[in-house]
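The values are calculated or read from the model by the stated rules, or taken from the named source; none is laboratory data. Because the structure is predicted, anything quoted here is derived from the model rather than measured. We place every Cβ from the backbone using ideal geometry, glycine too, and count neighbours over all the protein chains shown.
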Amino acid sequence: MGRFRISCLAGACVLMATGCVVRRFTVDSFPQGATVYRDGRPIGVTPVDDPFVYYGTYRFTLVKDGFETQHVDQKVQTPWHSFPGLDFFTENLWPFEVKDHRRYTYTLQPKQAVNENDALNKAEMLRQRGRTLRTESVPDGDAPPPLPNSVAPGTGPTLPPVGGTPGTVPLPPITSGSDGASR
C-alpha cells in the first residue's frame, strides 16, 4: 500500500509540473531602430520581444529621430486555450508547453517640416480668437483695466535718465599699473 501512495504522489507532482503557457510578443518597425515603450515603460529597440501575462490592450509608443512618434493601442486577443476553465487545464495539467507568440510591425512616418507661414497664420487666428473671447466674456461696464503695452506715450511712469541723475560726480578713469594690469 505504501508504494501505491508514493507512485500516486509522484504522478500528481509530474502532472502539476508539466503545464506551461509561454506568452511573448515581438514589436518591429519599418525602419528598424525605434525605441519601444509598452504602457509608458521602455522595453528596447526594434525589433524587440517581451513577455506578457494578461490578454487585453497594450499601449505601444515608438520613438525614432527623424520620424513621427507613433502611439498604438494594440489589442491582444485571448486564444481558445486561455478561456476561463480551459486555462486551468493548459496552465497546470497539459503535459506540453503551449507557446503564444504575437508579432506586430508598424511603419513609421517621416517627420513633416513645419511651414513657417502656416504656423504664423495659426498663431494669428488664435490671437484673434483670444481677443473675441475676452470681449465676449466681459459684460459691458465691467471692462478690465488696459494692458501695460496699451499705455499712451508720455502718460506712463517715468524712469531716471540713463547715466545717473543730473548733478552726480562721474567715476575716476581707470589707470594701469606698472605691470600693465588695470586697477
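Of the residues that make up region 99-107, is at least one under 25 Å from Pro47 (Cα atoms), in contact with a Lys or Arg (Cβ under 9 Å, 6 or more places away or on another chain), at pLDDT 80 or above and assigned to a loop (DSSP other than H, G, I, E, B)? So far as region 99-107 goes, no, none of its residues is under 25 Å from Pro47 (Cα atoms), in contact with a Lys or Arg (Cβ under 9 Å, 6 or more places away or on another chain), at pLDDT 80 or above and assigned to a loop (DSSP other than H, G, I, E, B). For His71, the conditions (1) closer than 26 Å to Cys20 by Cα; (2) of a type outside the set (S, T, N, Q); (3) at pLDDT 90 or above are fulfilled apart from (1). When the residues of region 30-57 are filtered to those that are in contact (Cβ under 8 Å) with a residue 24 or more places away in the chain and either touching an Asp or Glu at 6+ places or on another chain (Cβ under 7 Å) or among the hydrophobic types (A, V, I, L, M, F, W, C) (or both), the one that is surrounded by the fewest Cβ atoms within 10 Å (Cβ to Cβ) is Val53.
Of the candidates Arg59, Arg23, the single residue that is more than 20 Å from the chain's Cα centre (by Cα) and either of a type in the set (D, E, K, R) or assigned to a strand (DSSP E or B) (or both) is Arg23.
Is there a residue being loosely packed, with under 15 Cβ neighbours inside 10 Å, closer than 30 Å to Ala113 by Cβ, among the basic types (Lys, Arg) and at pLDDT 80 or above anywhere in region 74-84? Taking every residue of region 74-84 in turn, none turns out to be loosely packed, with under 15 Cβ neighbours inside 10 Å, closer than 30 Å to Ala113 by Cβ, among the basic types (Lys, Arg) and at pLDDT 80 or above.
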